[in-house]
Amino acid sequence: MNKAHVTEHLRFALEEQLNTAKIAAKTAHDTATHEESIAETQYDTLGLEAAYLAQGHADRVNECYKEIQLFEAIYNDAVTGTIAVSSLVCLEDDAGTQKWFYLGPAAGGLTVDIKGTTIQVLTSGAPLGQQLLGKQVDDEVSLTLGDVKHSYDVVKVL
């Protein structure tokens, strides 16, 4: 796995999220300001609801810009062998199944697919992200989801 290739995919995915958020914000704004959204009675709340929706989408656009800035600040961080924010990590479970994670500063849950391999962004606030911080190759992490305990070995840190 090539970390530079992963960061390029993350850049594209974050830009795609931003563009989607911009389109949603524009659509919501147009709906909120359209003449059909003007209240005809005191009980007609379509315009008000559309305005709230437009504000929410505008907030999401701002959040996307902040996420992009946070990622840009860490893309070129040096690899130290110890897992930190900006590390690309491969974990292997007891069955030998490998999972790839990028420890990011934001955008937890974002996934990118590179040649059939899915890489998921984790933040240090996520339970697995918290456990990974400071680990190195051959360390073990475990996570309990519901009543099921999952154990993983750290296979690679890039």
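Give a quick list of GluC sites (Glu not before Pro) in segment 9-111 that DSSP marks as loop, anything other than H, G, I, E or B, with at most 11 other Cβ atoms within 10 Å.
Values: sites: Glu15, Glu16, Glu35, Glu36, Glu40, Glu49, Glu63, Glu67, Glu72, Glu92; in loops: Glu40.
Hits after loop and neighbour filter: Glu40.
What FRET efficiency comes out for Glu140 versus His5 if R0 is 30 angstrom and r is the Cβ-Cβ distance? Round to the nearest 0.05. Please list the in-between numbers first.
Values: r = 28 Å, r/R0 = 0.92.
Taking R0 as 30 Å, the efficiency between Glu140 and His5 is 0.60.
By other beta-carbon atoms within 10 Å, ranking Thr41, Thr80 with the fewest at the front produces Thr41, Thr80. Applying 1/(1 + (r/R0)^6) with R0 = 41 Å to the Cβ-Cβ distance of Glu49 and Glu92 gives a FRET efficiency near 0.25. Taking the Kirkwood radius as Rh and the Cα radius of gyration as Rg, the chain has a ratio of Rg/Rh equal to 1.15.
Report the full-extension gain for the segment Gln120 to Asn62: residue separation times 0.36 nm, less the Cα-Cα distance, to one decimal in nm. Could the numbers behind the result be given before it?
Numbers: separation 58, 0.36 × 58 = 20.88 nm, distance 2.22 nm.
Fully extending the segment from Gln120 to Asn62 adds 18.7 nm.
Taking a ≥ b ≥ c as the square roots of the eigenvalues of the alpha carbon gyration tensor, segment 88-157 is rounded, as a/c is under 1.5.
Taking the alpha-carbon centroid of each part, what is the distance from segment 96-120 to segment 42-84 in angstrom? Distance between centres, Cα-based: 20 Å. Under 5 Å from the amide H of Leu110 lie the amide H atoms of Val121, each residue being 5 or more positions distant or on a separate chain, with H modelled from the backbone and absent for Pro and chain starts. In segment 88-157, the DSSP beta bridges split such that about 80 percent are antiparallel, to the nearest 5. Straight-line cross-link partners of Lys149 among the lysines, defined as a Cα under 17 Å from its Cα and at least 8 positions apart when in the same chain: Lys99.
Straight Cα distances below 23 angstrom link Lys26 to the lysines Lys66, with same-chain residues fewer than 8 positions distant left out.
Just add up the charged neighbours of Phe71: K/R +1, D/E -1, any other residue whose Cβ is under 12 Å from the Cβ of Phe71.
On the way: positive: Arg11, Lys66; negative: Glu8, Glu15, Glu67, Glu72, Asp77.
Summing Lys and Arg as +1 and Asp and Glu as -1 gives -3.
None of the figures in this text is laboratory data; all of them are computed from the coordinates on show. Predicted model, so just to flag it, every value in this text is computed and none were measured. Cβ atoms come from the backbone with ideal geometry, glycine included; neighbour counts cover every protein chain shown.
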